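The values are calculated or read from the model by the stated rules, or taken from the named source; none is laboratory data. Not measured: the values here are computed from a predicted model. Cβ: placed from backbone, ideal geometry, glycine included. Neighbour counts: every protein chain shown.
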Amino acid sequence: MIKRLVIGTRGSKLALWQANHVAFLIKERYPTVEVMLKNIVTTGDKVLDVPLARIGGKGVFTKELERALLAGEIDLAVHSLKDMPTELPTGLTLGAVTERADASDALISPKYRTLDNLPFGARVGTSSLRRKAQLLFFRPDLVITDLRGNIDTRLAKLGNQELDAIVLAVAGLQRLNWGEQITQFIPMDICLPAVGQGALAIETRVGDTALDSVLEFLHHPETAYAVTAERAFLRELEGGCQVPIGVHGWLDGGVLRLIAAILSADGRRRLLDSAAGHPNAAANLGSNLARRMYVTGGREILEELRCGEEGWHE
């Protein structure tokens, strides 16, 4: 039986909450196991004055943790699944995917409350091209302002940067007991979430069977089916470019359903489609939907995006 585990985590409030949450669950289940946290600073934490797409996109919050994992400095890493690239480094795997929290996005606008109530030309802060494109599709008049930083930093900027609203993930706000800040849960027919949004990923080394056994109780199969389809969808389309994509999978009476949107960066065009199938074929479901959308209009949108100049991050 494992006697000691070192969990790698970023140092933000949300990342620490997530790592401590996993540590608590492990200690509750296995009281004799000593669990420690190791804070690791990532590129995304260090570079705060540049849009994330320009410093590496999704991997900026995971690479340093993965290096530590491969070097044996930590035993597992806890991530927001939406921060993880669809391809993992050789030797690493998803040891567990936790039960998903609310996957939707939240509007925070103390004065105007909802997207419909925002005045013409309202300034909305978000660091996500996915959110920007979908918001502009719904409200082309909005002025979207890049907003970097941790959740508490972004909330503070709402008041001191002349913003009318900001958009954040519901799950992160609720985990930090800031759910009361939410003025609107943005409907998914307006803003589909990022791949894996609301779920935690526990990354481990391939072949660590003892640890796999310990983590088995944390794995939530229904969430895993859904995010497997989502990640397969994104993997099929992103190639060398990061693109504005929203996608959400869920189980409905034993059927896995998937809905996805591909948008132009300016939000002027949106391609929307959906699919359903057996959960055991989750990866094929996601890949097949992506291929279908590619030939029914997605190709034109993707080809207009210039790699390296625009990207999306959550």
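So here's what we get for this one:
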quantity: Residue match in the stretch 62-81 (condition: assigned to a strand (DSSP E or B), outside the structural domain of Leu211 (by TED's automatic domain parsing) and either on the phi < 0 side of the Ramachandran plot or touching a helix residue (DSSP H, G or I) at 6+ places or on another chain (Cβ under 6 Å) (or both)); calculated: no
quantity: Residue list for the stretch 273-289, restricted to those being over 21 Å from Leu192 (Cα atoms) and part of a helix (DSSP H, G or I); calculated: Asn280, Ala281
quantity: Failed criterion for Ala101 (all others in (1) part of a loop (DSSP other than H, G, I, E, B); (2) without any contact (Cβ under 8 Å) to a residue 60 or more places away in the chain hold); calculated: (2)
quantity: Residue in the stretch 119-138 that is modelled with the lowest pLDDT, counting only those that are among the aliphatic types (A, V, I, L, M) and in a helix (DSSP H, G or I); calculated: Leu129
quantity: Criterion: out of contact with any Gly (no Cβ under 6 Å at 6 or more places or on another chain) and under 21 Å from Leu16 (Cβ atoms) - qualifying residue of Leu69, Leu81, Leu92, Leu65; calculated: Leu69
quantity: Residue that is surrounded by the fewest Cβ atoms within 10 Å (Cβ to Cβ) [pool: residues in the stretch 139-153 that are in contact with a helix residue (DSSP H, G or I) (Cβ under 9 Å, 6 or more places away or on another chain) and part of a helix (DSSP H, G or I)]; calculated: Asp152
quantity: Residues that are part of a loop (DSSP other than H, G, I, E, B) and in contact with a Lys or Arg (Cβ under 7 Å, 6 or more places away or on another chain), drawn from the stretch 154-196; calculated: Glu162, Leu163, Asp164, Leu176, Thr183, Cys191, Ala194, Val195, Gly196
quantity: Test for Leu37: is it of a type in the set (A, V, I, L, M, F, W, C), free of Cβ contacts under 8 Å to residues at least 40 places away in the same chain and within 24 Å of Asn177 (Cα to Cα); calculated: yes
